[in-house]
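Enquirer: Please find one structure pasted underneath; my questions will follow.
Nothing in this text is a laboratory measurement; each read-out follows from the coordinates by a stated rule. Predicted model, so just to flag it, every value in this text is computed and none were measured. Cβ placement follows ideal geometry from the backbone for every residue including glycine, while neighbour counts extend to all protein chains displayed.
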Amino acid sequence: MAQPAQASHAHRSYDAPVQSGSAGDALSVVGGSRLAGEVRVTGAKNSVLKLMAAALLAEGASTITEVPDILDVAIMCELLRRLGCEVVHAGGQVVIDVPAALEHRADYDLVRRMRASICVLGPLLARCGAVDVALPGGDNIGSRGLDMHVDGLRRLGATVVSEHGYLMASSRDRLRGASIWLDFPSVGATETILMSAVTAEGATVIDNVAREPEIVDICRMLQQMGAQIDGIGTSTLTIEGVDALHPVAHAAVSDRIVAGTWAVAAAMTCGDITIRNADPAHLQIALDKLATSGADVEAVPQGIRVRMGRRPRAVDVVTLPYPGFPTDLQPQFIALNAIADGAALVTENLFEARFRFVQELARLGADVRTDGHHALVRGRNGLSGAPVEATDIRAGAGLVLAGLVADGTTVVYGMSHIDRGYAGFVPALQGLGADVTRI
């Protein structure tokens, strides 16, 4: 095996207004390299952003570590500053000093760039008794309505209206505990209701909640802050409201999607990658699929090792809420199936527009036919490099992986999408032996 290569972990301080200089960047990927070595993943994007919002619930300085150096974190830092917080992001951590009196309006210019901005809805309502949040933007992967957020807040006693592009919630008195059933185990709705309920009067029971590791991580931080939460990791959360919370220091859970992306990269390139700070328990189904495809998957101290010595075998995939197969790894597995031996059926049950990226994958020569929420992928012996466009974070990652095994050069445009989810992506690829250049 090649000498382990550690991904770059240089960090920037985000004391200046957020810029979007990477919007026009592209990645040139020369195919044919076998990836080998070692990478380390940081905290999960889908947890860190919510932990930063949870810090709003307590006056004083909270510290979050294992923070990835990605664009979404910069946007969230700026949003928290506009709400009145002092925020320092450097060295892989964020320190958020929350004042006694907060602003309660999240403006469109930031929210439109990152859908996760909606996660300030619950904490601001709980702290301020009122909140105005612009209706969010984010990835173009399909409808993700806020009905369950709204219904949950109303059950807790809030008045919620939507006017002039803003979702506005308010409560004259302290929120009151309630019994709430979610029609679908929505991650966002679970987070909003949970963070609203921790300081509500009385008990709140939320049934059919999301169970992702990132939800567990938020619950653990809230417990450290003084919240009383039972049923963590199950489909039912019981929250006994407390009068106030206190600031804490908390290390974010590792990013299972980034870890899964590196695992697929090893399998696709017939490589050998050790992924540090990754929990195999968070990726059981995805790793089982890689083993079925022919990869050697091994749990190692503080991580996972994935080796592949042959062309992958095609594997069927059905996306489902956790602990099912994650939708955020679906594009990467379509890319794997595109060069696999055989044909596979990929079923997307969560985001109806997630298959948009297969049109770009087809430019590389992939044989993918879609019908509703199904995609039939027939593996090809090889792909051919071409210019392609990333339409969202995970689609961008999938296209880069496809470029790694394509003949010639693939140029992936829209690197700003990838920057939102993968810290130090290009240096890490280079350290593993990939011939990639940011242009």
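Enquirer: Relative contact order, percent, of the range 45-251 when contacts are C-alpha pairs under 8 Å separated by at least 6 residues? Intermediate results must be reported in sequence, preceding the final value.
Expert: Working: 451 pairs, mean separation 42.7, N = 207.
Across the range 45-251, relative contact order equals 21 percent.
Enquirer: Shifting gears a bit: Just check the range 45-251 against the gyration tensor rule for me: Cα atoms, a ≥ b ≥ c as the square roots of the eigenvalues, rounded for a/c under 1.5, and otherwise prolate or oblate depending on whether a/b exceeds b/c.
Expert: rounded
Enquirer: If we count every other residue with Cβ under 15 angstrom of R276's Cβ, Lys/Arg +1 and Asp/Glu -1, where does the sum land?
Expert: Net charge in that neighbourhood comes out at -3.
Enquirer: Quick check on the chain: of the DSSP beta bridges with both residues there, what percent are antiparallel, nearest 5%?
Expert: Of those bridges, close to 70 percent are antiparallel.
Enquirer: If you filter the range 268-348 for trypsin sites (Lys or Arg not before Pro), then keep DSSP loop positions with at most 13 other Cβ within 10 Å, what is left?
Expert: Listed in order of number, the matching sites are R310.
Enquirer: Find the relative contact order for the chain and round it to a whole percent, using C-alpha pairs within less than 8 Å whose residues are 6+ positions apart. Don't skip to the answer; put the middle values down first.
Expert: Working: 1112 pairs, mean separation 92.0, N = 439.
Once normalised by length, the contact order is 21 percent.
Enquirer: Could you work out which residue, out of A101, A54, A265, moves most in a Gaussian network model of the chain, that is, has the largest mean-square fluctuation with Cα springs under 10 Å?
Expert: For the chain, modelled as a Gaussian network with Cα springs under 10 Å, the answer is A101.
Enquirer: In addition: Taking amide H atoms as placed 1.01 Å from N in the peptide plane, list the residues 5 or more away in sequence, or in a different chain, whose amide H sits under 5 Å from that of I339.
Expert: The list, which skips near neighbours in sequence, is R380.
Enquirer: Given R₀ = 35 Å, FRET efficiency for R112-R378 by Cβ-Cβ distance, to 0.05?
Expert: Calculated value: 0.35.
Enquirer: Something else: What trypsin sites (Lys or Arg not before Pro) in the range 367-439 are in a loop by DSSP, with at most 11 other Cβ atoms within 10 Å of the Cβ?
Expert: Passing both the DSSP loop test and the Cβ count: no residue.
Enquirer: Among G424, L401, I285, whose Cα lies farthest out toward the positive end of the dipole of the chain, if unit charges sit on the beta carbon of Lys, Arg (+1) and Asp, Glu (-1)?
Expert: L401
Enquirer: Counting Lys +1, Arg +1, Asp -1, Glu -1, what net charge surrounds A58 among other residues with beta carbon under 13 Å of its beta carbon?
Expert: Net charge in that neighbourhood comes out at -2.
Enquirer: What span do the alpha-carbon atoms of the range 369-412 cover on each of the three principal axes, reported in whole Å from largest to smallest?
Expert: Result for the range 369-412: principal-axis Cα extents of 32, 26, 13 Å.
Enquirer: Something else: Apply the Kirkwood formula to the chain: the hydrodynamic radius equals the inverse of the mean of 1/r over all pairs of different alpha-carbon atoms; give it in Å with one decimal. Working shown, then result.
Expert: Details: mean 1/r = 0.0454 Å⁻¹.
Roughly 22.0 Å, rounded to one decimal.
Enquirer: Another question about this same structure. Apply the Karplus parameterisation 6.51 cos²θ - 1.76 cosθ + 1.60, with θ equal to phi minus 60°, to every residue of the range 116-124 and state each ³J(HN,Hα) to the nearest whole Hz, in sequence, with x for glycine and proline.
Expert: Here the 3J(HN,Hα) series is 4, 4, 4, 5, 7, 4, x, x, 5 Hz.
Enquirer: Rank these for me by crowding, S179, S47, S384, going from fewest to most other beta carbons within 10 Å.
Expert: If I rank by nearby Cβ atoms, fewest first, I get S179, S384, S47.
Enquirer: Need the C-alpha centroid separation for the range 346-385 versus the range 41-103, integer Å.
Expert: After rounding, the separation between the Cα centres reads 36 Å.
Enquirer: By counting other Cβ atoms within 10 Å of each Cβ, how are M221, M76, M168 ranked from fewest to most? Don't skip to the answer; put the middle values down first.
Expert: On the way: M221 24, M76 29, M168 17.
Listing M221, M76, M168 from fewest to most nearby Cβ atoms yields M168, M221, M76.
Enquirer: I've got another one for you. State the answer as a single residue: which of M225, G379, T159 lies farthest towards the positive end of the charge dipole of the chain, with beta carbon charges of +1 for Lys and Arg and -1 for Asp and Glu, about the Cα centre.
Expert: The listed residue farthest towards the positive side: G379.
Enquirer: Pairing the Cα long axis of helix 45-54 with the longest principal axis of the chain, what angle in degrees results, from 0 to 90 and rounded to the nearest 10?
Expert: For 45-54 against the chain, the angle is about 10 degrees.
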